[in-house]
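Colleague: Please find one structure pasted underneath; my questions will follow.
Every number in this text was worked out from the coordinates using simple rules, so none of it is lab data. Source: prediction; values computed, not measured. Reconstructed Cβ throughout: ideal geometry from the backbone, glycine too, with neighbour counts over all protein chains shown.
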Amino acid sequence: MHGLILSQHAVVVEGMLVGDIRCDQNVFILGTGSVIGSIVSRQATIEGKVEGNLYILEKLRSQGQAQLTGDILTSCLEVASMSYLHGKMPQDGNPRDRRNRLGDGPSVF
């Protein structure tokens, strides 16, 4: 699938998405899921693969053998022992205040 997903409800990705996700609630990328694009959401749980920046207001969880390549901006990061992360993770302030520091940070929050 190609394009932008905008949702006020939870989003679950089981296959391939080339495009961005902007979600007011939770985003779940299952083990079979892959996203090439940025994710903006309240919370996210990643079990699959993401290539793009993540702007997560509350909590980002990587589970299983998750692969995250891109900059991460979040209040709380939970990483499983088999997960792979590669990117920048600024550690100061609140994500609401920092969302544009990574360059193209959307202003959903």
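Colleague: Name every residue in segment 36-50 that is more than 9 Å from the chain's Cα centre (by Cα) and assigned to a strand (DSSP E or B), in order of residue number.
Modeller: Correct list: I36, R42, K49.
Colleague: Looking at segment 4-18, can you tell me whether even one residue there is part of a loop (DSSP other than H, G, I, E, B), among the hydrophobic types (A, V, I, L, M, F, W, C), loosely packed, with under 14 Cβ neighbours inside 10 Å and over 11 Å from the mean Cα position of the chain (by Cα)?
Modeller: Here is the first cut: in segment 4-18, the ones part of a loop (DSSP other than H, G, I, E, B) are 4, 8-10, 14-15.
So of that shortlist, the ones also among the hydrophobic types (A, V, I, L, M, F, W, C) come out as 4, 10.
When the remaining residues are screened for being loosely packed, with under 14 Cβ neighbours inside 10 Å, the result is 4.
In the following step, the residues that additionally are over 11 Å from the mean Cα position of the chain (by Cα) were identified as 4.
So far as segment 4-18 goes, yes, one or more of its residues are part of a loop (DSSP other than H, G, I, E, B), among the hydrophobic types (A, V, I, L, M, F, W, C), loosely packed, with under 14 Cβ neighbours inside 10 Å and over 11 Å from the mean Cα position of the chain (by Cα).
Colleague: Moving to a separate point now. If you take just the strands (runs of 3 or more DSSP E) that sit entirely in segment 51-92, which of them hold at least 1 residues that are charged (D, E, K, R) and within 18 Å of G31 (Cα to Cα)? Give the derivation first.
Modeller: Values: elements: 54-62, 67-69, 72-79, 84-86.
Correct list: 54-62, 72-79.
Colleague: I've got another one for you. Pull up segment 19-34, narrow it to residues that are β-branched (V, I, T) and under 16 Å from T69 (Cα atoms), then point me to the one that is surrounded by the fewest Cβ atoms within 10 Å (Cβ to Cβ).
Modeller: Per the stated criteria, the residue is I21.
Colleague: Would you point out the residue of segment 41-64, among those that are small (G, A, S) and crowded, with 22+ Cβ neighbours inside 10 Å, that is nearest to S83 (Cα to Cα)?
Modeller: Here is the first cut: in segment 41-64, the ones small (G, A, S) are 41, 44, 48, 52, 62, 64.
With crowded, with 22+ Cβ neighbours inside 10 Å added as a condition, the list becomes 41, 44, 48, 62.
Details: S41: 20, A44: 14, G48: 10, S62: 6 Å.
Within segment 41-64, the match that is nearest to S83 (Cα to Cα) is S62.
Colleague: Restricting to segment 23-35, what's the tally of residues that are over 17 Å from L6 (Cβ atoms), in contact with a strand residue (DSSP E or B) (Cβ under 7 Å, 6 or more places away or on another chain) and not in a strand (DSSP E or B)?
Modeller: Of the residues in that region, 2 qualify.
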